[in-house]
1. If residue 162 satisfies every condition in (1) under 15 Å from residue 315 (Cα atoms); (2) in contact with an Asp or Glu (Cβ under 7 Å, 6 or more places away or on another chain); (3) of a type in the set (A, V, I, L, M, F, W, C) but one, which is the exception?
2. Which residues, counting only those in the stretch 7-19, are of a type outside the set (D, E, K, R) and closer than 21 Å to residue 63 by Cβ?
3. Any residue in the stretch 72-99 that's at positive phi: show its pairings with residues that are at pLDDT 85 or above and hydrophobic (A, V, I, L, M, F, W, C) at Cβ separation under 9 Å, as long as the two are six or more apart or on different chains.
4. Across the stretch 303-315, what is the total count of residues that are closer than 16 Å to residue 284 by Cα and either out of contact with any Ser or Thr (no Cβ under 8 Å at 6 or more places or on another chain) or surrounded by fewer than 11 Cβ atoms within 10 Å (Cβ to Cβ) (or both)?
5. Report the residue count in the stretch 49-61 for those that are at pLDDT 85 or above and farther than 21 Å from residue 106 by Cα.
6. Taking the stretch 345-373, which residues are basic (Lys, Arg), more than 26 Å from the chain's Cα centre (by Cα) and under 28 Å from residue 171 (Cβ atoms)?
7. Of all residues being assigned to a loop (DSSP other than H, G, I, E, B) and out of contact with any Ser or Thr (no Cβ under 8 Å at 6 or more places or on another chain) in the stretch 5-25, which is surrounded by the fewest Cβ atoms within 10 Å (Cβ to Cβ)? Just the residue, please.
8. Does the stretch 162-183 include one or more residues that are β-branched (Val, Ile, Thr), crowded, with 19+ Cβ neighbours inside 10 Å, at pLDDT 90 or above and over 18 Å from residue 270 (Cβ atoms)?
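The values are calculated or read from the model by the stated rules, or taken from the named source; none is laboratory data. Values in this document were obtained by computation on a predicted structure and should not be read as measured data. When we count neighbours, we look across all protein chains shown, and the Cβ atoms used for this are built from the backbone with ideal geometry, even at glycine.
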Amino acid sequence: MENNLNIMIVSDEEALMSQLKTIAETKTSHVIGVRSNEAIREMNRELAHIVIFVQTENDTSVEVVQMLKIINSNALILFIANETDFTLLRNMTRAGVDEFFVFPDESSLFSSRFPNIVKSYSAKKVANEETVSTTFGRGRGKIISFYSGKGGSGCSLLASSFAQTMKLESSAEVILIDLNGQYGGVETLLSIESNRSLADLLPVIEELNESHIRNVAQTEEFSKMEVLISPCDPEILETLNDEFVAKLLRTCRRSFDYVVVDLPTAINELVVTAMEESDKIYYVLTPDTPSLKIMKQYEELSERLGLVLTSRMEIALNKLSKDYEVKQKDLINVLRYPVIASIRQDTKGLQPYVNQGQPVRKQTNERKIIPFAKDIRKFARQVAKQ
């Protein structure tokens, strides 16, 4: 079995999905099945090497296949049509389809040819391992969301400090997106003044590209990272929807190495979409009982909403102090998710920066930095190694 290959089956028909899964699982154990409207999101989450795409009823096949090829230009795409159609064949070939089959007429042909198709692709992948290592996943930045169900946990401060540190500590392209739509906040922490916000991208969302994003984003003075500010207006926020957030994050993923998203406490369609698009969700947790209870409720809500947190969510412990009755070792014993960072309570060192609206880091190799900044630097370096 080619266990190093990921196969994604895209079909809106359950019966055909089951049939294709049975065939695919004979060659690899890494097989997932998704509906056509979820294919792009899943491809962004985890690259599929081979895609078996079943023709959709709403004529979106060409558009979706094109997007899949943009995300992973090396993907092998096998298209299954429901009837012989020369125009469709031509359009799908132009979109990037490698093999074209008609079901049910050619179902037996597909079954017999599939093992050889996988074997040939696998051999080609191994032969070009060095080239593949640099081209596979090109344009696939990492989306990292910071979230806390409890207000006052320091989520925005952690998100902005983390993003700035990632930019200072590496040559990576980093963008910070503030989705705290009602009041914002990131611009105050970073001393950014501008009338432009991510809502200005709404008129061009259908053809959104890196140039549009950089024209609207603000450049943070010290680290030179890009920042997309929240509109800070409830009325403007209502004009944005989940599709806008999805397209914004996907475009940023293709243009930046790290996309850091600061999420508000309230759960709505924008927040859920951002979480679905995220590779990692860092839940900011303070060492107290109310925070633990709220996190438990968030886990239950996520399960009802169908949000997959396993392997994606990690805990960032914030405001750790000897004054708290709940200790870090106690938290680690009760938490279901791994702890990625431990940030000390540093009121004395941190407060002047917050009050003045100054970032905690200003240079790459600073000798004297406050304990909070040291912990964030350790956090960022650990994430960079993943």
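1. With respect to (1) under 15 Å from residue 315 (Cα atoms); (2) in contact with an Asp or Glu (Cβ under 7 Å, 6 or more places away or on another chain); (3) of a type in the set (A, V, I, L, M, F, W, C), residue 162 is out only on (2).
2. If we filter the stretch 7-19 for residues that are of a type outside the set (D, E, K, R), which is where we start, we get 7-11, 15-19.
Within the stretch 7-19, 8, 9, 10, 11, 16, 17 meet the criteria.
3. Correct list of pairs: 96/65; 96/68; 96/75; 96/77.
4. 3
5. Residues that pass the stated criteria total 1.
6. 362, 367, 368
7. Of the residues in the stretch 5-25, the ones assigned to a loop (DSSP other than H, G, I, E, B) are 5-6, 11-13, 25.
Among the residues that remain, those that are also out of contact with any Ser or Thr (no Cβ under 8 Å at 6 or more places or on another chain) are: 13, 25.
Details: 13: 16, 25: 13.
Result: 25.
8. Yes, the stretch 162-183 contains a residue that is β-branched (Val, Ile, Thr), crowded, with 19+ Cβ neighbours inside 10 Å, at pLDDT 90 or above and over 18 Å from residue 270 (Cβ atoms).
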